[in-house]
Amino acid sequence: VDVAGRPYEVIVDSGLLPNLVEHCGSRLRKHVVPIITDSTVHANWGDVVEAALRKGGHEPAWRILPPGEQTKSWSELAATVDWMLSLEVERGDHVLALGGGVIGDLTGFCASVMKRGCHFIQIPTTLLAQVDSSVGGKTAINTPAGKNLVGAFHQPSLVLADLAALETLPRRELLAGYAEVVKYGLLGDAEFFSWCEDNAKAMLDGDTILREYAVSNNVAAKARIVAEDEFE
């Protein structure tokens, strides 16, 4: 994603989580690694991520939040920032956002205000987050006045889209992500829209090669939009 002055990589593949430390590299510069997730994702992938970090010589520090839009709130923002301060997170550190768009939005916003801005790594576990919300740096919380009205543009340092995470999603969650996939075809890519018509069922049913193509194509389209205008 070619953002001026701070480009970052989006890796799309299966089996990224067990090799998390290898992909993050020197970004994980401290022994303790803060990870923000929700209880559903932690139940499915917490053991895998914890084992990967420990294998790489790190100690995971978990913040496990309730799933759902209610987590993107002033109270959770304050509590999570306080938690990060208790871990002595510095501006050069990276916080991991393991989950869907809610976790990515909250973690990114916390990172944007943490000591005027620390780093974070997006590890999206839903199709919607992999094809859209994990890329572009839009972070926010919800308020009584509306959704995503308080936030910041804060780009991640890295995005790791592990296609294996999609295997634990309910069908409804997959369909929500697929609506975003189709949208990119409707925005002006007739060839990709035709591909969706031909391959949607097999992709949703679990074909990994088709899922990799769909996610990669959408990330590339989103990256072009962000490169033209970071605030679009």
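The values are calculated or read from the model by the stated rules, or taken from the named source; none is laboratory data. From a predicted model like this one, the values you see are computed outputs, not experimental measurements. Positions of Cβ are generated from backbone atoms using ideal geometry, with glycine treated the same way; all protein chains shown enter the neighbour counts. Ligands, DNA and RNA are excluded from the accessible area calculation, which covers all protein heavy atoms including side chains. Shrake-Rupley method; radii C 1.70, N 1.55, O 1.52, S 1.80 Å.
Dipole orientation for the stretch 93-232: of the candidates G137, V159, G108, G108 has the Cα lying most toward the positive pole (charges on Cβ; Lys, Arg +1; Asp, Glu -1).
Taking a ≥ b ≥ c as the square roots of the eigenvalues of the alpha carbon gyration tensor, the stretch 47-86 is oblate, as a/c is not under 1.5 and a/b does not beat b/c. The amide H of D38, built 1.01 Å from its N in the peptide plane, has L65 as neighbours under 5 Å, considering only residues 5 or more places off or on other chains. Ligands, DNA and RNA left out, the 1.4 Å accessible surface of the chain is 53% carbon and sulfur atoms.
Net charge dipole, the chain: roughly 660 debye, given to the nearest 20, about the Cα centre with Cβ charges of +1 for Lys and Arg and -1 for Asp and Glu.
In the calculated pair-distance distribution of the stretch 154-230, the portion above 21 angstrom amounts to 29 percent of the Cα-Cα pairs.
One chain, two ends: L186 and A4. Fully extended at 0.36 nm per residue, the span grows by 62.8 nm beyond their Cα-Cα distance. A run of the chain free of exposed loop cleavage sites, with trypsin sites (Lys or Arg not before Pro) counted only in DSSP states other than H, G, I, E and B and at most 16 other beta carbons within 10 Å, reaches its longest extent at 92-232. Peptides 95-103, 1-9 ranked from most to least packed give 95-103, 1-9, packing being the mean of other C-beta atoms within 10 angstrom over each peptide's residues. Convex hull volume per residue, computed on the Cα atoms of the stretch 70-204, equals 121 Å³.
Remark on the stretch 21-127: hydrodynamic radius 13.7 angstrom, per the Kirkwood mean of 1/r across alpha carbon pairs.
Amide H contacts for Y8 (H built 1.01 Å from N in the peptide plane; partners 5 or more residues away or on another chain; cut-off under 5 Å): V3. Principal-axis analysis of the Cα atoms of the chain puts helix 190-204 at an angle of about 70° to the longest axis. What the stretch 170-232 shows is 59 Å² of accessible area per residue, with the surface traced by a 1.4 Å probe over protein heavy atoms.
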